[in-house]
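Accompanying notes for the structure given below.
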Amino acid sequence: MARRTILWAGALAGPLCVVLAYAFRYSVPLEYRTSQSWRPEVIMGCLYPAVGAYLLSRRRGLVIARLLWAIGLIAAAHWLLVPFSRWALLHDLPGAVLLRWGATWLYMLEFLPLVMIVPLLFPDGRTPSPRWRPVLWLSALIIGVNIVHRMLLPADLGVGGYEAANPFGVRALLDLDDVYVRGVQPLTVAVTFLNLFSLAVRFRAGSPIARRQIALIAYPLLGTALAGYSDLIWPDMPFWLFATLTCTAVGMVPISLAIAIMRHRLYDIDVIVNRTLVYGTLTLILGAVYFGLIALVSRLVAGQAAGFFGALTVGALFQPVRSRVQLSIDLLFGVERDPYRLADKLARTVQQTEDPATALRLAVRAVRRTLAVAGVSVEIDEAVVHTDGVEDGQAQVVPLVWHGEQIGRMLLYGPGHADHRLIGVLTRHVADLAHTVRLLRVSHETVINTREDERRRLSRDLHDGLGPTLAALALSVDAARVRLTTDPESVEPSLLALRERMTTAMGDIRELVHGLRPPALDRLGLLGAIQALAADLPEPRVDVRCEGLPELSPVHEVTAYRIIQEALTNVRRHAKATSVELRLGEKNGELEITVSDDGRGLPRQPRSGLGLTSMRERASELGGTLTVASRPGGGTVVTARLPLA
């Protein structure tokens with residue numbers, strides 16, 4: 001409560017100081033008044049504390065709002081101090097000289113922080129990066145040097161016939177005035193515009209929301225800096241022009257700050273910035289060409305030919321130069337308007353990764369930055385897959401269609417620069433990636449379901465088959481042990497029967513183990529197991545060829561063995577072939593398996609049975625592919641490619 005009271009007390013104190021300043025100004029004779037009846041401090045004193053208090057009451061702890069509030073109070077105090085010190089000196093009040101002395105340097109404590117500190121800390125109260133912190137400390141040092149120099153510089157503080165001198169003046173500073181003019185002043189201007197450049201750095205790397213915030217405040221701060229240094233840029237600028245430009249700029253600063261912080265999503269300000277940069281640059285280039293041609297042609301040809309030739313050249317260059325400038329500014333903004341360049345850029349972005357989910361994430365980010373929207377969300381089968389940016393406001397819905405089937409939609413949030421051509425190009429790429437992610441999701445779900453089915457089958461076989469068998473064997477052993485003492489002759493038939501049942505149980509165990517991993521792989525290796533599998537197949541004849549088989553992981557061995565086993569089984573059952581050629585080896589970082597037969601080939605309308613589906617699922621589980629095609633001359637070719645990485 002006390003904090004809010006102080007804030008709003010300062011907001012009221014600013015306008016009160018301005019009113020008192022005018023009261024003291026008009027209470028002294030005309031010849032003792034300043035020639036300036038109004039200055040930017042009038043607007044700053046009335047507006048800045050009120051806007052600062054409002055922002056701090058809505059969002060506590062805003063560094064920029066605190067600076068705005070303090071700068072406004074300092075401006076109001078300076079504007080009051082100028083006429084009040086004159087009035088006090090005329091009335092010979094104690095301390096009047098100190099008041100006059102304070103009026104000579106207090107303005108620097110309002111202007112320099114506004115054009116040096118505020119740009120560097122906007123909008124979050126921190127520098128753009130740790131590398132900018134030395135610039136912040138340098139800015140504070142330069143402000144201190146300017147203020148101290150103004151405090152200690154000997155000066156005449158008298159009014160009319162009343163004489164007064166700087167009580168703290170140091171005569172040695174007069175000898176160092178050239179150092180100040182040639183060194184400190186240019187450094188102050190350079191650091192000021194370096195701090196303004198930090199807004200461009202934030203703009204280039206920021207989100208669409210941050211860009212709109214920065215664009216709103218950049219123009220007023222730049223105008224304030226140019227007006228403040230107008231005595232260096234245009235020493236003879238009329239005061240009315242200086243005051244008008246400065247008051248306009250400083251008046252826009254708090255309004256822009258309030259809009260940027262509280263209502264930054266309501267205005268598409270980046271379009272204004274884009275157009276300003278384009279046509280400003282275009283004016284400079286064509287103006288230089290026009291006047292340069294006039295100067296050159298006028299030396300060679302007399303009369304009106306120079307102006308005509310310059311106008312004709314500028315007219316011919318306008319459209320191509322504008323296109324090049326627009327392209328350059330769009331690249332600065334991260335906006336792409338050429339569909340072909342956009343498609344190439346998006347394709348290169350996606351090709352940087354092998355994971356479709358990561359590729360979709362990169363594509364969504366590229367869409368947001370390219371269209372300059374606040375947020376982009378991709379939904380597949382009514383489920384949100386990925387979101388980049390901020391989901392705020394009404395969304396533009398763009399369907400994602402793959403081969404005539406709508407597989408999802410893309411939601412665009414906030415204003416942007418996109419037209420239908422750009423959205424169409426982006427949608428096609430995003431739809432392809434979304435379809436791939438969808439297939440992978442279905443494949444992964446199928447693999448997981450298949451694995452869970454296998455686990456349930458194994459659990460059921462152990463519980464319903466092997467478990468009761470072992471329990472029955474245990475009971476038979478107990479019964480034989482009891483009869484061993486009472487009727488030894490009847491034990492031997494029981495033990496023989498028990499032995500047969502144990503043999504049967506061992507066979508059941510082998511079948512279970514064989515379902516997990518074929519024992520032949522452990523005994524013979526993959527190549528030996530395949531050759532044994534081919535030898536067990538009496539018809540047709542299988543020719544096994546191995547071309548540079550690398551060392552494989554256990555999961556690759558099992559997958560390859562099961563695919564070959566299923567392919568040979570299909571040949572034996574359905575192909576009616578006389579010979580089969582089986583090839584396997586490494587090719588382009590993949591394990592390539594080819595099973596080719598000379599059978600009757602594929603039917604006119606082939607159907608994927610359980611065996612073919614199982615082979616495809618096993619290949620996709622490792623990120624591979626499996627294709628079935630007709631062989632030239634008759635027969636079928638099954639090709640599986642399993643990535644080794």
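Where in the range 121-149 does the label zone of residue 181 land, with the point 7 angstrom along Cα→C-beta and an amide N cut-off under 18 Å?
Under 18 Å, as judged by backbone N against the label point of residue 181, lie 146, 149 of the range 121-149.
Under a 1.4 angstrom probe, counting protein chains only, how are 73, 16 ranked by accessible area, largest first? Don't skip to the answer; put the middle values down first.
Values: 73 50, 16 100 Å².
In descending accessible area the options line up as 16, 73.
Give the accessible area for residue 587 in Å² (nearest 10); use a 1.4 Å probe, count only protein heavy atoms, and leave out ligands, DNA and RNA.
Solvent-accessible area, nearest 10 Å²: 110 Å².
Rounded, prolate or oblate, given the Cα gyration tensor of the range 41-122, with a/c below 1.5 counting as rounded? Write out the running numbers ahead of the final one.
Details: a/c = 3.42, a/b = 2.25, b/c = 1.52.
Judged from the Cα gyration tensor, the range 41-122 comes out prolate (a/c at least 1.5, a/b above b/c).
For the range 117-156, report the % of Cα-Cα distances exceeding 13 Å.
Working: 454 of 780 pairs.
Above the 13 Å cut-off, the range 117-156 has 58 percent of its Cα pairs.
Average projected area of the Cα convex hull of the range 78-133, in nm²?
Details: hull surface 19.5 nm².
The number I arrive at for the range 78-133 is 4.9 nm².
What residues qualify as long-range amide H neighbours of residue 375, i.e. H under 5 Å apart, gap of 5 or more or another chain, H built at 1.01 Å from N?
Residues meeting the amide H criterion: 390, 413.
May I ask you to evaluate 6.51 cos²θ - 1.76 cosθ + 1.60, the Karplus curve with θ = phi - 60°, for each residue of the range 634-642 and list the ³J(HN,Hα) values in order in whole Hz, giving x for glycine and proline?
Result, rounded to whole Hz: x, x, 10, 10, 10, 10, 10, 10, 10.
Please report, in cubic angstrom per residue, the volume enclosed by the convex hull of the alpha-carbon atoms of the range 120-234.
On the way: hull volume 16.5 nm³, N = 115.
Spelled out: Cα convex hull of the range 120-234, divided by residues, is 144 Å³.
Whenever you get a sec, line up 74, 147 from highest to lowest accessible area (probe 1.4 Å, protein heavy atoms). Before the final figure, lay out each step's value.
Values: 74 40, 147 20 Å².
Descending accessible area places them as 74, 147.
Can you tell me the Rg and the Dmax, both Å, for the Cα atoms in the range 526-578?
11.7, 34
Show the residues, 5+ positions off or on another chain, whose built amide H is closer than 5 Å to the amide H of residue 408.
The answer is 381, 400.
Ordering 30, 495 by accessible area with a probe of 1.4 Å, largest first, what comes out? Intermediate results must be reported in sequence, preceding the final value.
On the way: 30 125, 495 90 Å².
Greatest to least solvent exposure: 30, 495.
Can you work out ³J(HN,Hα) from phi for every residue in the range 226-231, in order, using Karplus 6.51 cos²θ - 1.76 cosθ + 1.60 and θ = phi - 60°, giving whole Hz and x for Gly and Pro?
In residue order, the calculated couplings are 5, 5, x, 9, 5, 5 Hz.
If I ignore ligands, DNA and RNA and count only protein heavy atoms, how much of residue 124 is accessible to a 1.4 Å probe, in Å² to the nearest 10?
70
Quick one: which residues, 5 or more positions from residue 155 or on another chain, have an amide H under 5 Å from its amide H? H modelled 1.01 Å from N in the peptide plane, none for Pro or chain starts.
Counting only residues 5 or more places away or on other chains, the set is 166.
log₁₀ I(q)/I(0) of the range 1-147 at q = 0.09, 0.13 Å⁻¹, via Debye over equal Cα point scatterers, no solvent, to two decimals?
So the normalised log intensities are -0.33, -0.65.
Can you give me the solvent accessible area of residue 69 with a 1.4 Å probe, rounded to the nearest 10 Å²?
Result for residue 69: roughly 50 Å² accessible.
List, in order, the whole-Hz ³J(HN,Hα) value for each residue of the range 357-365 obtained from phi through the Karplus relation with A = 6.51, B = -1.76, C = 1.60 and θ = phi - 60°; use x for Gly and Pro.
5, 5, 4, 5, 4, 5, 5, 5, 5
Towards the positive end of the charge dipole of the range 104-180, with charges on Cβ (+1 Lys, Arg; -1 Asp, Glu), say which of 145, 112, 128 has the farthest Cα.
It is 128, whose Cα lies furthest towards the positive end.
The values are calculated or read from the model by the stated rules, or taken from the named source; none is laboratory data. None of these values were measured; they are calculated from a predicted model. Cβ sites come from the backbone with ideal geometry, for glycine too, and all protein chains shown count toward neighbours. Surface accessibility is based on the protein's heavy atoms, side chains included, excluding ligands, DNA and RNA. Shrake-Rupley method; radii C 1.70, N 1.55, O 1.52, S 1.80 Å.
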